[in-house]
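The values are calculated or read from the model by the stated rules, or taken from the named source; none is laboratory data. Just so you know, these numbers come straight off a predicted model, no measurement behind them. Cβ atoms come from the backbone with ideal geometry, glycine included; neighbour counts cover every protein chain shown. Remember, those area values only see protein heavy atoms, side chains included, never the ligands or the DNA or RNA. Shrake-Rupley method; radii C 1.70, N 1.55, O 1.52, S 1.80 Å.
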Amino acid sequence: MLACWLSFNLIRHGGAGNKELHENPESPGMKAAEYGSGTLPIKIFTDSGKSSENYLSPLYEVNVHQDIVYASKKNETDAAEPLTLDLYEPVEGGTAPRPVFIFIHGGGYKEGVKEDAGEISMELARRGYAVLSMNYRLKSVPFANFQKTLSDAYEDIMDVITWVRLNEKTYSLNSGRIALGGDSAGGYLAINFANEYLKQDPSFVKPIFALIDLYGGTLESEAHPNLPPVLMIHGTNDAMIPYEQSVVLASNLDRAGIYNNLFTMEGVGHDYKDPRYFSEITETTAYFLWNVMGNPEHEWLPKYTGIVAASGDRIDISLPERYVHHTVNRAIRVTLPEGWELGEQTDQAVLSLQLPSGLQRGNRHVHIALEEYGEEGLQEFGLSVNVVDPIRVGYETYFSRNEQLIKTRLQLTNQSNRDYRGLVRIEYSTYTKKEQCSFSRRVDLLEPGQSIVMDIPELAGGKRLLSVFDASGGIMQKTESQASVLVVPKLKQEIRIDGRLKDWSDASAAAFQVNEQRMKDWTGMEDLSATGTISWDQKNLYLGLQVADDVHRQTDEGGEIWRGDGVQIGIGIANDDGSVPQQYHEFGLAMQDEAHLTKWRWIAPRGFGAGEPESLDFAVRRSEDAGITFYEAAIPWTELIQDSELIHPGLKLKFSLLVNDNDGAGRKGWLEYNSGIGTSKDANLFGDIFLME
């Protein structure tokens, strides 16, 4: 320990002057530097981006074997149900058995399919895992007999593990090295299955080396002392399973001595596919699996697998316990991205790194190893560092009654660990002017973690570009975002709800394109595309929609219409200050193949009931020759707000719309205007609507 401390201080007081650069013969594309003299505790290697690592880097093409039947079981109707999985198989020349990742989809135990996990399954398979995304027996009313729901699902998971054992030679699977995970209900099933069967049949779950719990909730019983390491992933805005449940779970695992990491998605709801975080989730999951797969003893593992840091920051990495106690006469080997440096070392248990300024957002990787530890050779772990902008920006539009103007509230937060002084400039467009507008403000002092709010005296819409300059005028960052704001004029003539949309040509309305594609096998505009219009009066909010769709299929009714062609609409009444409401509505409109119309409300604020919204008037008409479906709706304000007297010019709504597509073989996916419905239920992702005269 004393030798280690002296060596660290040698670096601190000028030992870096003896630094020698040389090519690392073991890792092409890396450069190495040694610090100090005599006993050399730290070797720095620079990764130029040419090196790669199995199970961490996306090295492989992937073959997908779909709809493999792994078992046949009686379901809740007492009928035999073939249970299937999709196998995502890395393509490589070698024949070494691959570790297996079994993914269990979410859906509240009553819906969801294995294809829902296609994106993350593909990403992990590209890194070398054989990924099995499984279907399992669902229930129409899962909580009527929840123990039966769980026992059937647990049995199905056991069958998949058995299938792995029986087919390990056929698909080159390592049945002795299995990771188990899932999202929502799937995350709950994964961690509780492992915990339960450690008590009932520990030999069966012995091959499970890691658990990945994406907002799965809680453990139903005390954590077994042999529970595998757990990575929890949860969003702070999750309205379905509160984030606090994962915080409590992490605390309980800590007390039980179970190695765990909690990855927090700030400002995200019930959606691990949120584009703001999906790449980081993939990287963190890959590193967590790699760390625990190679280091079964927890004392060799880092406190965190994922770190967030702003460009220009210094970050401190706590070394695992065994590193601190075994560094004497051995070298710590650190592999850093190019341009990163070793910072000042003041604590033998902490490794300090300095990030360069001006880094682009995204994930970087750090590898730390303890060389020549006895006969075990190199002990190492990896970290995924998510580099973020020093300044985080948030926009909130609102209506000023005093000025009768739509304005924008701008919030800036210092995400770095340094004080910020300088100038910020925002460029944007507004519905009242055709030219590009800008707003600038000097910041005298913004301390780490501190936020300030500025008022832009108009609607800052369209493409918004934030430029951040330091005190000397140098550019620190540029952050681009897109505002979704509709200024909706009041209706000046009556609209007949007949599904023909003829009245809209002369009506005062705001138009929008439904153009965000979330589909597999989308073949173009004729496959699915949509345009919409929206207006209002004192009685109703009006919606017209024209959907180009080559095939119309809808065989479900009630709350299941999301499975077929139809529309889902999210609407919330914003708070007085323009902020996102805690509660909102989600409606659905559909026409069955027999021309029967169905309307439904899945989500309702207090005072409103889920089910059929009786006073909502709508029509759907299909032109088969043209391949177009027309939707038209009048949603009474009494279906949206308790006191319709509050409807006035300047009222702000949060709004999202989704168009589902089913060509006869199940839902292909959807198009959306804004988000917050399809992959998550999150009004924070809705766009803005302002009612104006």
Net lengthening on full extension, residue 551/residue 403 (0.36 nm per residue, minus Cα-Cα): 48.3 nm
Can you give the FRET efficiency to the nearest 0.05 for residue 65 and residue 519, using r as the Cβ-Cβ distance and R₀ = 25 Å? 0.70
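Please give the FRET efficiency for residue 480 paired with residue 78, using the beta carbon to beta carbon distance and R0 = 45 Å, rounded to the nearest 0.05.
0.20
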Where labels lie 7 Å past Cα in the beta-carbon direction, separation of residue 492 and residue 441 in nm: 3.7
Pseudo-spin-label distance residue 508 to residue 293, built 7 Å along Cα→Cβ, given in nm, is 6.2
What aspartates and glutamates sit close enough to residue 539 to cross-link, taking a C-alpha to C-alpha distance under 16 Å and skipping anything fewer than 8 places away on the same chain? 494, 614, 617, 632, 639, 643, 645, 693
Among the listed pairs 110/273; 148/273; 206/303; 110/654; 520/652, those beyond 32 Å (Cα-Cα): 520/652
Grab the beta carbon distance between residue 354 and residue 95, set R0 = 41 Å, and tell me the FRET efficiency rounded to 0.05. 0.40
Quick check: the distance between the Cα centres of the range 537-559 and the range 72-128, to the nearest angstrom? 33
Computed log₁₀ I(q)/I(0) - Debye formula, equal Cα scatterers, no solvent, the range 442-559, q 0.15 Å⁻¹: -0.92
Volume of the Cα convex hull of the range 112-152, divided per residue and given in Å³: 74
Using the Kirkwood radius over C-alpha pairs as Rh, can you work out the diffusion coefficient of the range 516-594 via Stokes-Einstein at 25 °C, viscosity 0.890 mPa s, in µm² per second? 163
Using the C-alpha atoms of the range 559-614, what convex hull volume per residue, in cubic angstrom, is computed? 87
So, for the chain, what is the accessible surface per residue at a probe of 1.4 Å, expressed in square angstrom? 44
Order by protection proxy (mean Cβ within 10 Å, highest first), peptides 393-405, 545-557: 545-557, 393-405
Along the positive direction of the dipole of the range 87-134 (beta-carbon charges: Lys, Arg +1; Asp, Glu -1; about the Cα centre), which of 101, 124, 87 reaches farthest? 101
Candidate aspartates and glutamates for bridging to residue 407, where Cα separation is under 15 Å - those fewer than 8 sequence places away on the same chain excluded: 396, 427, 455, 458, 576, 577, 688
Spatially proximal aspartates and glutamates relative to residue 74 (Cα-Cα < 12 Å; intrachain offsets below 8 disregarded): 152, 155, 156
Indicate, rounded to the nearest 5 percent, the antiparallel portion of the DSSP beta bridges found entirely in the range 644-693. 100
At residue 325 and residue 417, where each label point lies 7 Å from the Cα along Cα→Cβ, what is the point-to-point distance in nanometres? 2.6
Residues with amide H under 5 Å from that of residue 363, placed H, sequence gap 5 or more: 387
Here the alpha-carbon Rg of the chain over 2.2 N^0.38 Å rounds to 1.06
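Computed over the Cα atoms, what is the radius of gyration of the range 580-693 divided by 2.2 N^0.38 Å, N being its residue count? Walk me through the intermediate numbers first.
On the way: Rg = 15.5 Å, N = 114, 2.2 N^0.38 = 13.3 Å.
Normalised Rg, Cα atoms only: 1.16.
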If we sort 175-185, 494-504, 270-280 on the protection proxy, mean other Cβ atoms within 10 Å, highest first, what's the order? 175-185, 270-280, 494-504
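How many percent of the accessible area of the chain is carbon or sulfur, using a 1.4 Å probe? Numbers along the way, then the final one.
Values: 14030 of 30250 Å².
Carbon and sulfur together cover 46 percent of it.
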With all distinct Cα pairs included, what does the Kirkwood hydrodynamic radius of the range 201-284 come out to in Å, to one decimal, could you say? 13.5
Mind jotting down the three principal axis lengths of the range 268-337 based on Cα atoms? Whole angstrom, largest first. 47, 32, 18
